[in-house]
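The values are calculated or read from the model by the stated rules, or taken from the named source; none is laboratory data. This structure is a prediction, so every number in the text was calculated from the model and none was measured. We place every Cβ from the backbone using ideal geometry, glycine too, and count neighbours over all the protein chains shown.
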């Protein structure tokens with residue numbers, strides 16, 4: 001599989017945990033819509049993650065996991081809700097943070113082509 005990026009994934013189970021995943025294919029789409037109330041943007045990303053690139057213990061959770069293009073060392077503070085909210089807002093101010101909306105497991109074909117397809121907004 002052709003790869004063009006590394007990503008940082010903040011998975012949510014009991015709080016957020018940071019994972020680096022190297023060797024993914026990142027496909028980004030930037031769009032906008034004109035509606036009666038004004039201009040809205042519809043940015044989306046599709047990420048293809050080969051099975052062999054996923055670190056052990058990583059399980060994707062839709063609507064809760066956050067993904068950033070590139071390797072990021074910032075952590076999300078899981079202590080009190082105010083600290084969590086502040087650290088997540090700081091992360092969003094510093095980087096383009098996408099939320100995982102769809103996770104499809106593609107476990108067919110040759111071993112080299114098996115992957116997860118992640119759709120984010």
Kindly provide the set of residues from region 89-108 that are touching a strand residue (DSSP E or B) at 6+ places or on another chain (Cβ under 8 Å) and more than 20 Å from residue 59 (Cβ to Cβ), ordered by number. 91, 95, 96
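Would you please name the residue that is modelled with the lowest pLDDT, looking only at residues in region 22-40 that are part of a strand (DSSP E or B) and closer than 19 Å to residue 102 by Cβ?
First, the residues of region 22-40 that are part of a strand (DSSP E or B): 22-29, 32-35, 38-40.
Keeping just the survivors that are closer than 19 Å to residue 102 by Cβ gives 24-29.
Values: 24: 97, 25: 97, 26: 97, 27: 96, 28: 91, 29: 86.
Among those that are part of a strand (DSSP E or B) and closer than 19 Å to residue 102 by Cβ, it is 29.
Listed here are the residues, each with its yes/no results for (1) surrounded by 15 or more Cβ atoms within 10 Å (Cβ to Cβ); (2) within 18 Å of residue 12 (Cβ to Cβ).
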site: 25; (1), (2): yes, no
site: 35; (1), (2): no, no
site: 47; (1), (2): yes, yes
site: 112; (1), (2): no, no
site: 118; (1), (2): yes, yes
Condition test on residue 53, is it farther than 23 Å from residue 30 by Cα and touching a residue at least 12 places away in the same chain (Cβ under 8 Å)? yes
